[in-house]
Every structure is written in structure tokens, then in C-alpha cells.
Amino acid sequence: MLFKPKQASSFMLEFQHLFDQATLYFIYTPDQETATATFQYYFDRLHDEQNKTTHPLGFISQELDLVLPYLSARDNIFWEDSFKNEHQQKFRIRPYDPLTDERFLSTMGRDLTRQQRFYVQLYRNLIARRKLLIMDNLLDGESVAHIRESLTLFREMTQQLGVTMVLLTTNRELIDGNPATSFRTIPFYQPKPKPLTNPIGTLKKASE
């Protein structure tokens with residue numbers, strides 16, 4: 001009897017169906033707290049099932065610790081030996097190709113800059129052949145020039161590699177400037193209820 005892989009959950013299938021084009025999507029989050037909570041929600045719901053479908057997901061975050069500090073950038077990128085052995089094509093990224101930068105590859109995770117941490121996570125997902133990448137609000141607070149450069153890079157990747165990218169952002173200009181691929185409300189997101197205050201304590205304090 002042949003082994004049959006587990007079926008992806010309905011949430012996974014619905015998520016992938018919504019983001020079914022190889023393009024750059026934007027999801028508006030009103031503040032940093034919501035952006036962090038949304039990314040964590042997607043990570044918790046989807047991470048364990050990311051390899052159960054033909055379009056596995058990957059995650060890129062500046063908030064979560066997805067880069068191991070005690071491994072070099074090279075070892076963080078080539079997470080599994082099978083990926084390293086199978087790696088033939090170089091995914092060139094302007095303005096330079098990090099996979100040819102020995103200084104970058106030998107840098108320990110704890111010493112990587114913000115931009116280098118992004119490269120590590122990006123290449124890790126590309127080499128693992130993940131086709132739908134979910135990114136937290138990593139462009140928020142960056143300069144206009146950096147945002148433009150990054151968006152150009154992301155769009156080139158979607159066109160050349162057939163990768164779908166989903167970017168969370170608190171930047172309304174990005175949402176307004178890309179209406180065809182933007183979500184003004186967060187798809188599928190169900191925030192955790194806030195803890196109730198102590199009504200007894202409140203009443204007691206009010207009566208004093």
C-alpha cells in the first residue's frame with residue numbers, strides 16, 4: 001500500500017486559494033501590535049502544514065527569531081544538507097548576489113545586520129522551493145529609497161521565479177498605491193480576545 005501524504009487543512013487551502021497568483025500582495029495592519037499578532041497567527045496556523053501541499057509556504061520576519069545566532073549565514077541558509085547538495089541555480093539579487101559573498105556567508109547569525117537577516121531567510125525559502133512567502137512588516141519605518149528598491153526586488157522575484165509574496169504593512173501609501181493586490185482588512189485573522197478586567201476591583205475602586 002502506497003503511503004499517502006496528509007491532506008492540507010481547509011484553512012491552508014483557503015489561504016493558498018486567496019493568494020493564488022505569482023505576484024506581490026499587501027495586507028494592511030493598522031499598527032505594529034496588530035502586524036506582529038497577524039504574522040504570529042499565520043505562522044501558528046500554517047507553519048506545521050507548510051510542506052503538505054504542492055505550494056509550500058515560507059516565512060520571513062524581523063520580529064520572530066528565525067535566524068539561529070550560533071550558526072553562520074551559510075548554515076542558516078542551507079538548513080538541510082539535501083538543499084545544499086541539490087543547489088545548482090543561483091538566485092541573483094540586486095545589487096549583489098549574497099551567495100557569492102564569502103564575508104556575508106561566514107558571518108554568524110548573531111552578527112548579521114537587519115538586511116542580511118532578510119537575505120538569509122529569503123534564500124532559505126527559495127532554496128527550499130517554497131512558493132508562497134509571508135513577510136511581516138519588514139519595510140515599515142524604512143526610507144523611501146529602500147522601500148522602492150525592495151518592492152522592485154520583490155516584483156522581479158515574483159515574475160522570474162513564480163513566487164507569491166504577501167507583505168504585511170502599516171503603510172497606507174503602499175495599500176492605496178496597489179489597490180488590485182491589497183487587502184484593507186486582514187484575511188482570515190481572528191485576534192485573541194483581550195483579558196477581562198476585574199469587575200469586582202473596578203467597582204470597589206469606584207465606590208471609594
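The values are calculated or read from the model by the stated rules, or taken from the named source; none is laboratory data. Here the structure is a predicted model, which is why all the values come from computation and not from measurement. Positions of Cβ are backbone-derived with ideal geometry, glycine not excepted, and every protein chain shown enters the neighbour counts. Side chains are part of the model used for accessible areas, which takes the heavy atoms of the whole protein and leaves out ligands, DNA and RNA. Shrake-Rupley method; radii C 1.70, N 1.55, O 1.52, S 1.80 Å.
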Could you state how much accessible area residue 146 has, in square angstrom rounded to the nearest 10, with a 1.4 Å probe and all protein chains kept in place?
40 Å²
Within the accessible area of region 15-191 (1.4 Å probe), percent carbon and sulfur:
47 percent
Lys and Arg at +1, Asp and Glu at -1: add these up for the other residues within a Cβ distance under 12 Å of residue 63 and post the number.
-2
Determine how large the accessible area of residue 144 is when every protein chain is in place; take a 1.4 Å probe and give Å² rounded to the nearest 10.
90 Å²
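Working with all protein chains in place, sort 156, 149, 33 by solvent-accessible area computed with a 1.4 Å probe, largest first.
Descending accessible area places them as 33, 149, 156.
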Kindly provide the pair-distance distribution of region 15-191 built from C-alpha pairs, with 5 Å bins from 0 and whole-percent values in order of increasing distance.
1, 8, 17, 21, 22, 17, 9, 4, 0
